[in-house]
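Okay, so here's the structure we're looking at.
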Amino acid sequence: MFQTIHHPLIADELTRLRDPACPSPEFRQRVRRIASLMVPAVTTDLETDVVPCNTPLEITSGEKLARNIILVPVLRAGLAFLDGFLDLIPQASVAHIGLARNEKTLLPESYYMKHPPTLTGCEIIILDPMLATGGSAVEAVRKLRDAGARSLRFACMVAAPEGVATLSAAFPELPIFAAALDRCLNERGFILPGLGDAGDRMFGTGI
Ligand code: PRP
């Protein structure tokens, strides 16, 4: 269940973001804005409960989200993406997953996980700007499922077809959202045309 979110504001931000001349502070801000612009599409089917709603004049009926939302940024690059989601869903809890892709094997290596005690019954949104081989995303979903998560979705900024195929094959029911579907991966597992290493560009750790 893969969906690309087309929007002129997202496309404009992403085009400026891809430019290697975009410095880290601007890069973080643009990632954050893209994330916020994606929130309505990523959350459009969340269930609500009908509840009584007081107004200054009378009682009517309103709606409240039926389930708690847990946002899960994949460290490090997921952090700026998280900020954009938290801007619009400030009541969400946050679970962190630390995964670093081994540059030789391209396999994810896990180094951290901290989540609320209960994941079952919550809406889990995994956040990582980049879906390349899909290894990190598959590992993140596995870890969350092992910890009890049942209702999950995955949101990224730039996806490679290879990553979408791998993640969809591993979890056919998982909704996957991206702001852009790029062409392919290169021999080093980088997305083309892509934007380089999102974590390094975000935090100024590149060469
Ligand atoms: C990048 C990116 C994803 C992952 C995607 O992170 O932010 O998490 O690689 O690659 P994959 O789909 O092939 O697994 P990286 O491991 O470089 O860590 P970082 O965010 O700390 O830079």
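Just so you know, all these numbers are worked out from the coordinates, no wet-lab data involved. What you see is a predicted model; the values in this text were computed from it and never measured. Every residue, glycine among them, receives a Cβ derived from its backbone with ideal geometry; neighbour counts consider all protein chains shown.
So which residue, out of L106, L17, L144, gets the largest mean-square fluctuation from a GNM of the chain using Cα contacts under 10 Å as springs?
Greatest mean-square fluctuation among the candidates belongs to L106.
Got the relative contact order for region 1-134 handy, in percent, Cα pairs under 8 Å and 6 or more residues apart? Could you put the intermediate results ahead of the total?
On the way: 185 pairs, mean separation 29.3, N = 134.
Value for region 1-134: 22 percent.
Against the empirical 2.2 N^0.38 Å scaling, what ratio does the C-alpha Rg of region 54-174 come to?
For region 54-174, the normalised Cα radius of gyration comes out at 1.20.
Relative to the longest principal Cα axis of the chain, at what angle does helix 78-88 sit, 0 to 90 degrees, rounded to 10?
20 degrees
Please find, in a Gaussian network model of the chain (springs between Cα atoms separated by less than 10 Å), the residue of M157, M38, M113 whose mean-square fluctuation is greatest.
M113
Considering the alpha-carbon set of the chain alone, what are its Rg and its Dmax in angstrom?
Radius of gyration, then largest Cα-Cα span, for the chain: 17.5, 65 Å.
Starting from 0 in steps of 5 Å, tell me what percent of the Cα-Cα pairs of region 1-51 lands in each bin.
The calculated distribution, bin by bin, is 4, 18, 24, 18, 13, 10, 6, 3, 2, 1.
With only alpha-carbon pairs counted, each pair once and no self-pairs, how large is the Kirkwood hydrodynamic radius of region 24-63 in angstroms?
13.1 Å
Can you give the FRET efficiency to the nearest 0.05 for L192 and L57, using r as the Cβ-Cβ distance and R₀ = 41 Å?
Approximately 0.10, to the nearest 0.05.
Just grab the label-to-label distance for A11 and E47, each label 7 Å out from Cα along the Cβ direction, in nm (one decimal).
3.6 nm
For region 118-192, what number results from the quotient of the Cα radius of gyration and 2.2 N^0.38 Å?
Taking N as the residue count of region 118-192, the ratio is 1.08.
Could you pull out the GluC sites (Glu not before Pro) across region 24-70 that fall in loop regions by DSSP (anything but H, G, I, E, B) with no more than 12 other Cβ atoms inside 10 Å?
Numbers: sites: E26, E47, E58, E63; in loops: E47, E58.
Passing both the DSSP loop test and the Cβ count: E47, E58.
In deg cm²/dmol, rounded to 500, what helix-only [θ] at 222 nm does the chain give when every DSSP H run of at least 4 residues adds -39500 (n - 2.57) and the total is split over its residues?
On the way: 6 runs with 70 residues, N = 207.
Computed mean residue ellipticity for the chain: -10500 deg cm²/dmol.
Looking at the chain as a GNM with Cα springs under 10 Å, which of A165, A137, A95 has the largest mean-square fluctuation?
A165
Given the C-alpha centroids of region 1-27 and region 152-195, what is the distance between them in whole angstrom?
Value for the Cα centre distance between the two parts: 15 Å.
Which whole-number percentage describes the relative contact order of region 113-207, with Cα contacts under 8 Å and a sequence gap of 6 or more?
About 27 percent, as a whole number.
Per the Kirkwood treatment, what hydrodynamic radius in Å, one decimal, follows for region 58-114 from the mean inverse distance over all distinct Cα pairs?
Values: mean 1/r = 0.0738 Å⁻¹.
Kirkwood radius, region 58-114: 13.6 Å.
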